[in-house]
Amino acid sequence: MRRLPIPVRILLAVVLAGLLCFGGLLGLVLSGSVDRVSGTPEIMIILGCQVKPWGPSVLLQDRLDKALSYLEDHPNLTVVVSGGQGADEPVSEAQCMYDYLTEHGVDGERILLEDQSFNTMQNLENSLALLAAEGYDTGADMVVVSNGFHLTRVRLLCERVWGRADNLSTLAAPSSHVPSRLKMYLREPLALVKSFFFDR
């Protein structure tokens, strides 16, 4: 190491520090990638993900199947499906989720559609506003459903958007599409940093 030129040593030190920081952030992401249910949730919020021409993407279907599994044992929850329509999506993510859930036996009267969101912070802000507008108790225990890699950031943003996270439970959907899972676990530590500094 001492034989290397000083600029090279500085560069290597910076790279090593970056790797250590990334490793720490990845550890935070992984620590949130589990089910955490406390209290008695009355409201479920399912966060949107990409919609394909033929229906939900694999990641979105993972979220929906996780939600359906929980709803089998908790049939009285109010469900909010949250996600807008991107330029490459045939319908809004909320509508796609509504269709999938009702096709699998969930009563459509129990589902609220929030179809104006384009990122996680908007999902949480708009879902809370929709619940308030519909007369629901926004201080009630809630459970948020997303893929496991997403949930550390969800908890961070819930504390900012809702002013609390003590009433929040999370359900970690698997990420059954391996390339997407690897991509997201590389991307999410950087997204966590972005949200920490810029999502206010």
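One table, with the values for the structure above:
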| item | result |
| --- | --- |
| Glu134 surrounded by 22 or more Cβ atoms within 10 Å (Cβ to Cβ) and touching a strand residue (DSSP E or B) at 6+ places or on another chain (Cβ under 7 Å) | no |
| Scan of region 142-167 for residues that are out of contact with any Leu (no Cβ under 8 Å at 6 or more places or on another chain) and surrounded by fewer than 23 Cβ atoms within 10 Å (Cβ to Cβ), ordered by number | Glu159, Arg160, Gly163, Arg164, Ala165, Asp166, Asn167 |
| In region 41-91, the residues that are closer than 15 Å to Leu112 by Cβ and of a type in the set (Asp, Glu) | Glu42 |
| Condition met for Gln85 (of a type in the set (S, T, N, Q), touching a strand residue (DSSP E or B) at 6+ places or on another chain (Cβ under 9 Å) and assigned to a helix (DSSP H, G or I)) | no |
| Verdict on Ala172 being buried (at least 18 other Cβ atoms within 10 Å of the Cβ), assigned to a strand (DSSP E or B) and among the small types (Gly, Ala, Ser) | yes |
| Residue within region 94-114 that is surrounded by 15 or more Cβ atoms within 10 Å (Cβ to Cβ), at pLDDT 90 or above, among the basic types (Lys, Arg) and over 18 Å from Val34 (Cα atoms) present | yes |
| Test result for Arg9, crowded, with 20+ Cβ neighbours inside 10 Å and either under 22 Å from Phe118 (Cα atoms) or among the basic types (Lys, Arg) (or both) | no |
| Flag if Ile43 is at pLDDT 95 or above and either over 28 Å from Gly135 (Cα atoms) or within 19 Å of the chain's Cα centre (by Cα) (or both) | yes |
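Rundown of residues vs (1) polar (S, T, N, Q); (2) touching a Phe, Trp or Tyr at 6+ places or on another chain (Cβ under 8 Å), yes/no style:
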residue	(1), (2)
Phe149	no, yes
Cys158	no, no
Trp162	no, no
Ser169	yes, no
Lys183	no, no
Ala191	no, no
Lys194	no, no
Asp199	no, no
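Residue-wise test of (1) touching a residue at least 24 places away in the same chain (Cβ under 8 Å); (2) of a type in the set (Lys, Arg); (3) in a strand (DSSP E or B); (4) within 18 Å of Cys158 (Cα to Cα).
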residue	(1), (2), (3), (4)
Ala17	no, no, no, no
Cys21	no, no, no, no
Ser38	yes, no, no, yes
Ile46	yes, no, yes, yes
Leu60	yes, no, no, no
Lys66	yes, yes, no, no
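The values are calculated or read from the model by the stated rules, or taken from the named source; none is laboratory data. Quick caveat: nothing in here was measured; it's all calculated off a predicted structure. Counting neighbours? That spans all protein chains shown, and the Cβs are built from the backbone with ideal geometry, glycine included.
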